[in-house]
Amino acid sequence: MSEASAGPTRTVSHDGMRDVVIVGGGPVGLLLACLLAQRGRDVVVLERRTERSGRSRAIGIHPPGLRALGRVGLEAEVRGSGIEIRDGRVTCRGRVLGSMSFVRDGSVWSLPQLETEAMLERRLAELAPRALMHGVEVQGLRDLGTHVEVTGDRGGETVTLPARYVVGADGVRSGIRNLAEIGWAPKPGRAHYVMGDTRDDTGEPATALLHFEPAGVVESFPLPGGRRRWVAWVRRPPRQVGPAQLATIVAARVDGRFDPDAAAEPSVFEARQHLAERMHRGRVALAGDAAHEISPIGGQGMNLGWLDAVLLDRELEHALESGAPYEAFERYDRTRRASAARAIRQAAFNMRMGAPAAGVRLRVRNAAVRTLAVPPLRAVLARAFTMRWL
């Protein structure tokens, strides 16, 4: 593993051995920290940011993700703050191709990631008041066999922390993955989208609307506060994207109800997919987006990361109870890479279904959607949408 060759002049050493150091204070790192803190474990979260980004990101909390949050006492708060998405409908050129109810398998809850992270951060502060350290950028790892030494920069000071185990939950550009020299393999599925939030004028505050149009998919999902998120496929990223541009894209494909005057500033993103060649090396494990980049179309990434955290919590507790052996993550690697690979395949399918189509391809796609929307396949589709397969 790598280590920074030079650093600031002042060093702050934390001599006490920690059970686990988690790098990354996003939703996955925070949940894992809460789970470990509930067990009484000495856990530290190192977060590079000093304040959270206000950018629009993940919103969907699927039934397995809600259960994971329930393990740290947050299910009721999510239900009280979020919006329940009870059903979904797929259309093309104004005609309904299929509809499904999610209630039987558990509804999807819509809550902006920023609010979910705030909940997790408050919960961690209750369980372990000094566990979260902001403004620390990790620069080096040394796996010494018996433990790992983590080195980072915090405002010009070098922070050194010894820990029995380290978890990288620091996103798709993971520095921990690079320091652990773990490969990052691209997988099928790549496309560009424009995304923005505005007032919900659809009259369907509990319904996910998917418009599989010839020019590309337009999706919209309820948000708390009477708002709705819109996501539209685009062939290439526009040079300028404002509320008016997104409203034009929506209106060109569907009977759009995207109000640009009530909209926040939209964003453009490229959906890509990657899978780490392994999810651990020695005493260092990866979780969440650091281990697998999943297209946000279908909303699986954050929930998949939470399930990583649930299994890691169990594996780490077992390892720490049995004397912190070196081979702690073999089952975790095997199980979670298989789940991530399945999620990547499903997301790639979702992206293909939402790509532009015409002629025979359009007719075949629409026929396939109609078939999937008829019992018993409709129940299978609903389970896939709500991630019950996990």
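Observations
- Long-range neighbours under 9 Å by Cβ, at least six apart or interchain, first residue in a loop (DSSP other than H, G, I, E, B) within the stretch 268-282, second hydroxyl-bearing (Ser, Thr, Tyr): 272/295; 273/295; 279/332; 282/326
- Flag for residue 338 being open to solvent by less than 50 Å² (accessible area, probe 1.4 Å) and not polar (S, T, N, Q): no
- Every residue from the stretch 210-228 that is within 23 Å of the chain's Cα centre (by Cα) and open to solvent by 10 Å² or more (accessible area, probe 1.4 Å): 210, 219, 221, 223, 224, 225, 227
- First in the stretch 360-373 and in contact (Cβ under 8 Å) with a residue 12 or more places away in the chain and open to solvent by 40 Å² or more (accessible area, probe 1.4 Å), second anywhere and part of a loop (DSSP other than H, G, I, E, B) and small (Gly, Ala, Ser), Cβ under 6 Å, 6 or more apart: none
- Qualifying positions in the stretch 44-70 - within 26 Å of residue 17 (Cβ to Cβ) and either of a type in the set (D, E, K, R) or open to solvent by 10 Å² or more (accessible area, probe 1.4 Å) (or both): 47, 48
- Unmet requirement for residue 50, which otherwise passes all of (1) closer than 28 Å to residue 164 by Cβ; (2) out of contact with any helix residue (DSSP H, G or I) (no Cβ under 9 Å at 6 or more places or on another chain); (3) at pLDDT 95 or above: (3)
- Candidates 198, 207, 248: the one that is within 25 Å of residue 91 (Cβ to Cβ), hydroxyl-bearing (Ser, Thr, Tyr) and crowded, with 21+ Cβ neighbours inside 10 Å is 198.
- Index of the failed condition, residue 239 passing every other in (1) in a strand (DSSP E or B); (2) basic (Lys, Arg); (3) modelled with pLDDT under 95: (1)
- A search for C-beta distances below 8 Å between a residue of the stretch 236-258 that is closer than 12 Å to residue 220 by Cα and any residue that is aromatic (Phe, Trp, Tyr) and modelled with pLDDT of 95 or more, counting only pairs 6+ apart in sequence or on different chains, returns 250/230; 258/230.
- Which numbered condition residue 177 fails, given (1) in contact with a helix residue (DSSP H, G or I) (Cβ under 6 Å, 6 or more places away or on another chain); (2) in a strand (DSSP E or B): (2)
- Residue match in the stretch 301-319 (condition: among the polar types (S, T, N, Q) and touching a residue at least 12 places away in the same chain (Cβ under 8 Å)): yes
- Residues in the stretch 115-162 that are among the acidic types (Asp, Glu) and within 14 Å of residue 29 (Cβ to Cβ): 117, 121.
- Taken together, the criteria place residue 172 among residues that are in contact (Cβ under 8 Å) with a residue 12 or more places away in the chain, among the β-branched types (Val, Ile, Thr) and open to solvent by 30 Å² or more (accessible area, probe 1.4 Å).
- The sole residue among 231, 167, 217 that is in contact with a Gly (Cβ under 8 Å, 6 or more places away or on another chain), within 26 Å of residue 368 (Cα to Cα), among the β-branched types (Val, Ile, Thr) and part of a strand (DSSP E or B) is 217.
- Identity of the residue in the stretch 254-284, of a type in the set (Val, Ile, Thr) and more than 13 Å from residue 332 (Cα to Cα), that ends up least open to solvent (accessible area, probe 1.4 Å): 254
- Considering 309, 367, 338, the condition of being part of a helix (DSSP H, G or I), at pLDDT below 95 and not polar (S, T, N, Q) is satisfied by 367 alone.
- Unique residue being modelled with pLDDT of 95 or more, aliphatic (A, V, I, L, M) and open to solvent by less than 10 Å² (accessible area, probe 1.4 Å) when the list is 180, 185: 180
- Residues within the stretch 191-206 that are assigned to a strand (DSSP E or B) and β-branched (Val, Ile, Thr), tallied: 2
- Residues in the stretch 285-301 that are part of a helix (DSSP H, G or I) and at pLDDT 95 or above were compared, and the one that is surrounded by the fewest Cβ atoms within 10 Å (Cβ to Cβ) is 289.
- Scope the stretch 81-128; condition basic (Lys, Arg), surrounded by fewer than 20 Cβ atoms within 10 Å (Cβ to Cβ) and outside any loop (DSSP other than H, G, I, E, B); matching residues: 89, 95, 122
The values are calculated or read from the model by the stated rules, or taken from the named source; none is laboratory data. Here the structure is a predicted model, which is why all the values come from computation and not from measurement. As a convention, Cβ positions derive from the backbone with ideal geometry for all residues, glycine included, and neighbour counts pool all protein chains shown. When the accessible area is computed, the model is the full protein with side chains, heavy atoms only, and any ligands, DNA or RNA have been set aside. Shrake-Rupley method; radii C 1.70, N 1.55, O 1.52, S 1.80 Å.
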